[in-house]
Amino acid sequence: MVEKDYPGLIIAGRKNGYFNRYDDDIADYIAGTKPDIVFAALGAKRQEGWIHHYMDKFDKGIFIGVGGSFDVLSGQIKRAPEIWIKLQLEWLYRLIKEPHRMKRDLKVLEFMLLHVPVLKRIMKWLGFSKSKSRSTRDGIR
């Protein structure tokens, strides 16, 4: 499919995600192909760890953690119905279909609520904040 859409594309190699992520031979093989782009589809945390661990082995290239994107593109996992996508609720659809994602997705939600500036202000206004206000922290009332 991708090769048909992009005729000049060279896929230098691929490997399933079922390997010891710290197997130096695999990283050496990939680096030996001199890729311009490396897609790591190992799932959250695991792919970022692999990229961080092996990035220095490569002379050049862009590294992208793509999670389960290839599972969707290959048809292994169905994408949410169009209405869920239009309403920007695909994440909720995935959570309903794959309840084991709950713990991870809640951590992302917590991060967003506490660190995205607009959401952080709203959460602070509602009384949810992990940090003390500046006036209390500095002893100023």
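The values are calculated or read from the model by the stated rules, or taken from the named source; none is laboratory data. Everything quoted here is computed from the prediction, not taken from an experiment. We place every Cβ from the backbone using ideal geometry, glycine too, and count neighbours over all the protein chains shown. Surface accessibility is based on the protein's heavy atoms, side chains included, excluding ligands, DNA and RNA. Shrake-Rupley method; radii C 1.70, N 1.55, O 1.52, S 1.80 Å.
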Task: Positions within the range 1-38 being β-branched (Val, Ile, Thr), modelled with pLDDT under 90 and part of a loop (DSSP other than H, G, I, E, B), in sequence order - done: ILE10, ILE11
TODO: Could you please let me know if ASP59 is out of contact with any Lys or Arg (no Cβ under 9 Å at 6 or more places or on another chain) and not aliphatic (A, V, I, L, M)?
DONE: no
Task: All positions within the range 1-29 that are in contact (Cβ under 8 Å) with a residue 24 or more places away in the chain and either open to solvent by less than 50 Å² (accessible area, probe 1.4 Å) or of a type outside the set (Val, Ile, Thr) (or both) - done: MET1, GLY17, ARG21, TYR22, ALA27, ASP28
Open item on the list: Could you list, ordered by first residue, the pairs with Cβ atoms under 6 Å in which the first is in the range 72-88 and of a type in the set (A, V, I, L, M, F, W, C) and the second is part of a loop (DSSP other than H, G, I, E, B), at least 6 apart or interchain?
Closed with: VAL72/ARG79
- [ ] Confirm whether LEU126 is open to solvent by less than 70 Å² (accessible area, probe 1.4 Å) and at pLDDT 80 or above.
- [x] no
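What helices (runs of 4 or more DSSP H) lie completely within the range 39-118 and have 3 or more residues being at negative phi, open to solvent by less than 90 Å² (accessible area, probe 1.4 Å) and among the aliphatic types (A, V, I, L, M)?
Output list reads 102-115.
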